[in-house]
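Working notes for the structure below.
Every number here is computed from the coordinates shown, using simple stated rules; none is lab data. On a predicted model such as this, the values are computed, not experimentally measured, just so you know. We place every Cβ from the backbone using ideal geometry, glycine too, and count neighbours over all the protein chains shown.
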Amino acid sequence: MEKDLQRDPTALFALILVFSFLFAGYGSNYKKAFAEETAVSADAGEENALQDEYDEWTYDLEEEESASRIRDPLERFNRGVFAFNDFFYFRALKPVARGYRFITPEPVRIGVKNFFYNLGFPVRFVNYILQVKFQRAGQDTCRFILNSTAGILGFFNPAQRCPWLNQPPEDMGQTLGKWSIGNGFYIVWPLLGPSTLRDSAGLIGDYFLQPVSYVRPFYVSMGARSYEAVNDTSLSIGEYESIKESALDPYTALKDAYMQYREKAVQE
């Protein structure tokens, strides 16, 4: 397969455009999960450092225990899909993202990311309402209006200067978790990446709330999602590589990081 793609660059490019729009969905969660696991607060004072370290250690212990309880009856299948996603990332998505990064200034790429985040307002708003987080729904509405006007359709993010407008985003998977629906079992989807049965159902709901899904003709919608995937990847190259380098078993490390990230997201 690899030789065929190398002999036919057109086929490789088409494969990226057809599939990478999917990668912009839950497939990006591994990046968020890894960031959550490796982030260190820069404002922690020396006086509370020891207590904070202890609290973080006990919290991580609880999270790891929770993550380890997720059922993985499809592990053989999941590992095969994980290997395919790994191949796709290194052989297709990453090279394209690196080329895009080379020719596109970082401020432009950040602006594009801001635009797509702003466009996803309906997903966040509906899930705030479904979780009875009316205050957050109002705050995110203010954020959307401010960034859509003063931020020129969301390309700029003036709302970042107002901490109260920057609330944790919500999706349908988190809403189902708030409704006490269990994870089900762990599953890795081709190109989408790590997920659970609950989050997979939530992804379907989010699809119908995402405005890009209604752009016609369909190939324009697909192209927009593909571009979003390439742009996001260009801003996070190196994160997935760090997971692989630091883990004895990247599959297990990614699964644990994903489950801890999602558990924390549901509890926020």
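A compact table of results
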item: Electrostatic dipole magnitude of the range 68-177 [Cβ: Lys, Arg +1; Asp, Glu -1; Cα centre; debye, to 20]; result: 240
item: Entries of LYS113/LYS244; LYS133/LYS255; LYS178/LYS264; LYS113/LYS255 with Cα pairs more than 23 Å apart; result: LYS113/LYS244; LYS133/LYS255; LYS113/LYS255
item: Gain upon complete extension [ARG79, TRP179; 0.36 nm per residue less C-alpha separation]; result: 33.0 nm
item: Likely footprinting exposure, THR141, THR175, fewest C-beta neighbours within 10 Å first; result: THR141, THR175
item: Estimated Rh, the range 150-203: Kirkwood, alpha-carbon pairs, angstrom; result: 13.5
item: Span per principal axis, largest first, for the Cα atoms of the range 108-247 (Å); result: 42, 39, 35
item: Distance in nm between pseudo-label sites at ILE103 and ASP86 (7 Å out along the Cβ direction from Cα); result: 3.1
item: For the range 180-246: rounded, prolate or oblate by the Cα gyration tensor [a/c cutoff 1.5]; result: oblate
item: Karplus (6.51, -1.76, 1.60) ³J(HN,Hα), θ = phi - 60°, over the range 196-206, in Hz, Gly and Pro reported as x; result: 10, 4, 5, 5, 5, 5, x, 4, 5, x, 5
